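The values are calculated or read from the model by the stated rules, or taken from the named source; none is laboratory data. Remember, it's a predicted structure, so these values are computed and weren't measured experimentally. We place every Cβ from the backbone using ideal geometry, glycine too, and count neighbours over all the protein chains shown. In case anyone asks, the SASA skips ligands and DNA or RNA and just uses the protein heavy atoms, side chains included. Shrake-Rupley method; radii C 1.70, N 1.55, O 1.52, S 1.80 Å.
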Amino acid sequence: MARIGFIGLGNMGGGMAANLAKAGHDVRAFDLSAEALDKAKAAGCLPMDSAAAVADGAEAIVTMLPAGVHVETVYEDALFGAATPGALLIDCSTIDVATAKRVAEAAAAKGLVAVDAPVSGGIAAANAGTLTFMVGGSDEAYARAQPILEAMGKAVIHAGANGAGQAAKICNNMLLGASMIATCEAFLLADKLGLDAQRFYDIASVSSGQSWSMTSYCPVPGVGPETPADREYQGGFAVALMLKDLKLAAQAATATGAQTPMGARAADLYQAFANAGQGGLDFSAIIKMLGDTPSA
């Protein structure tokens, strides 16, 4: 088993680090939160007092941080000076493609190997070890990262060169955000037309309108598998995080000249919902802004 450094033990990173330790890896962990460090220790990780200390002697270092600026700062201020030559840097944060490429190039200049490996699945999957990883990097770097990522996920997919993992994540979540809004609209319209929510689900889930947002993450309480909607939209994937990803997609669209009107409209709606103080709810709670939630 490998010595692995882990930086960023929040809602996602905490479960991911715990699964690495559960798989038998020697996990050295760091976070600014003392509470997060205590939880990591209870899960079998060794708490460290700095990001640099985590990197010292590690074969691989995983980062799970809020934004590109945090990743770049940690890499430049801590990892580049402390990591063992040839160490593998695995960034699982969701950041912009340009920063992912830039830090990978900077890592290579320091004799290190970097991949971007953002995730899909949310907090429950992070805790259960069933995340999907979208990996950007060379074939060699991917081969090194794969067994480490497999300890935290159910699917590890090589998207392409550095930055491709972030590109896949941004496009995937733009699709998810827009499709969830359409799903909410469909349930609300069905309710106005007198259709029972469960009956509509039973029909649409096996018809051409079927989507993951409907069958795996239904925004209506009591319909389909258990989702955050059944817990008053607590837990899951926060509105603020969906908005962050939609803004990254908008920035990428502007930079490349891509036309993404549905993605842009989804970002506007989630922004309005967040502005109303609902940024901490699960993103499927957007149904509450669009109308009165149907009952099962």
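Partner lysines whose Cα lies under 25 Å from the Cα of Lys169, excluding those fewer than 8 positions away in the same chain, are identified as Lys101, Lys154, Lys244, Lys247.
For the stretch 221-296, the relative contact order comes to 45 percent (Cα pairs under 8 Å, sequence separation of at least 6). Rounded to the nearest 20 debye, the dipole magnitude of the stretch 223-296 is 280 debye, with +1 charges on Lys and Arg beta carbons, -1 on Asp and Glu beta carbons, and the Cα centre as origin.
Under the definition of Cα pairs under 8 Å and six or more residues apart, what whole-number percent is the relative contact order of the chain? Display every interim value, and only then the final one.
Numbers: 585 pairs, mean separation 39.1, N = 296.
Relative contact order of the chain: 13 percent.
For the chain, the residue among Gln234, Thr183, Gln271 whose Cα projects farthest onto the positive side of the dipole built from Cβ charges is Thr183. Each DSSP beta bridge with both residues in the stretch 108-240 is either parallel or antiparallel, and the antiparallel ones are about 35%.
Suppose we flag GluC sites (Glu not before Pro) only when DSSP calls them loop and at most 14 other Cβ atoms lie within 10 Å. Which is the longest uninterrupted stretch of the chain? Answer - 1-225. Evaluated with a Cβ-only charge set (Lys, Arg +1; Asp, Glu -1), the stretch 1-67 carries a dipole of roughly 180 debye about its Cα centre, given to the nearest 20.
Taking a straight Cα-Cα cut-off under 22 Å and skipping sequence neighbours fewer than 8 places away in the same chain, the lysines within cross-link reach of Lys192 are Lys288. Of the residues Pro147, Cys218, Gln166, the one whose Cα sits farthest towards the positive end of the charge dipole of the stretch 147-262 is Gln166 (charges of +1 on Lys and Arg Cβ, -1 on Asp and Glu Cβ, taken about the Cα centre).
Given a 1.4 Å probe, how much area per residue of the stretch 183-257 is accessible, in Å²?
Values: 3900 Å² over 75 residues.
Roughly 52 Å² per residue, with all protein chains present.
Stokes-Einstein diffusion of the stretch 12-162 at 10 °C, 1.306 mPa s viscosity, Kirkwood radius from Cα pairs, rounded to a whole number: 105 µm²/s. Per-residue ellipticity at 222 nm, computed for the chain from helices alone with -39500 (n - 2.57) per DSSP H run of at least four residues, works out to -14000 deg cm²/dmol. Computed about its Cα centre, the charge dipole of the chain is approximately 200 debye, with only Lys, Arg, Asp and Glu carrying charge at their Cβ.
Relative to the present Cα-Cα distance, how much length would full extension add between Arg265 and His70 at 0.36 nm per residue of separation?
Values: separation 195, 0.36 × 195 = 70.20 nm, distance 2.79 nm.
My answer for the length gained is 67.4 nm.
From largest accessible area down, sort Lys41, Lys244, Lys192, Lys101; use a 1.4 Å probe on the protein chains.
Details: Lys41 135, Lys244 55, Lys192 175, Lys101 95 Å².
Result of the area sort, largest leading: Lys192, Lys41, Lys101, Lys244.
The order of Met262, Met152 by accessible area, most exposed first and with a 1.4 Å probe, is Met262, Met152.
Could you estimate the translational diffusion coefficient of the stretch 154-206 from the Stokes-Einstein equation, with Rh from the Kirkwood formula over C-alpha pairs, at 4 °C and 1.567 mPa s, in whole µm²/s?
In µm²/s, the coefficient is 96.
If you build the Cα gyration tensor of the chain and take the root of 5 times each eigenvalue, what three semi-axes come out, in whole angstrom, biggest first?
Details: eigenvalues 263, 83, 53 Å².
Semi-axes from the Cα gyration tensor: 36, 20, 16 Å.
The order of Arg3, Arg265 by accessible area, most exposed first and with a 1.4 Å probe, is Arg265, Arg3.
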